[in-house]
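Okay, so here's the structure we're looking at.
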Amino acid sequence: MNGPEFIIATAIILFVAFLMGWFSNWLVHRFTRVNQSDVADLDRMSQELHEAEETRDQAIHYLQSREAELTNQLAQTEAELRAAMDGLRDARRETEELRAHLNH
């Protein structure tokens, strides 16, 4: 192979390599391209997710405050029950004392 044939063969090989690189680049961009509708869908889904998280946080806050309120009411009711039971116990004891006093 003489000089001009070598140059022509090298040029053809380089041109084919360039075409293969360009074609592979085109394929990569063709398959990885994101459509505007996909971006719009992602924006919509992210907004809905954000709204759902806010709703969840509000529900958690409401449930925690409601639980605290009910716990407080339960504690008050138990205290009232203990006071009523103590009063009833005192009244029964007093009644028994009066019965014992009347029977003697």
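Averaging the Cα positions of each part gives two centres, and for the stretch 28-45 and the stretch 80-104 these lie 81 Å apart. Every helix of 4 or more DSSP H residues in the chain counts as -39500 (n - 2.57), and over all residues that averages to -35500 deg cm²/dmol at 222 nm. Applying the Karplus relation 6.51 cos²θ - 1.76 cosθ + 1.60 with θ = phi - 60° to the stretch 52-64 yields 3J(HN,Hα) values of 5, 5, 5, 4, 4, 4, 5, 5, 4, 4, 4, 5, 5 Hz, where x marks Gly and Pro.
Taking 0.36 nm per residue of separation and subtracting the Cα-Cα distance, full extension of the segment from Trp22 to Gln36 would add 2.6 nm. Normalised by 2.2 N^0.38 Å, where N counts its residues, the alpha-carbon radius of gyration of the chain equals 3.40.
So if R0 is 35 Å, what FRET efficiency would Ala83 and Asp57 give, r being the distance between their Cβ atoms, rounded to the nearest 0.05? Working shown, then result.
Numbers: r = 39 Å, r/R0 = 1.12.
Given R0 = 35 Å and the Cβ-Cβ separation, E is 0.35.
Every number in this text was worked out from the coordinates using simple rules, so none of it is lab data. Here the structure is a predicted model, which is why all the values come from computation and not from measurement. We place every Cβ from the backbone using ideal geometry, glycine too, and count neighbours over all the protein chains shown.
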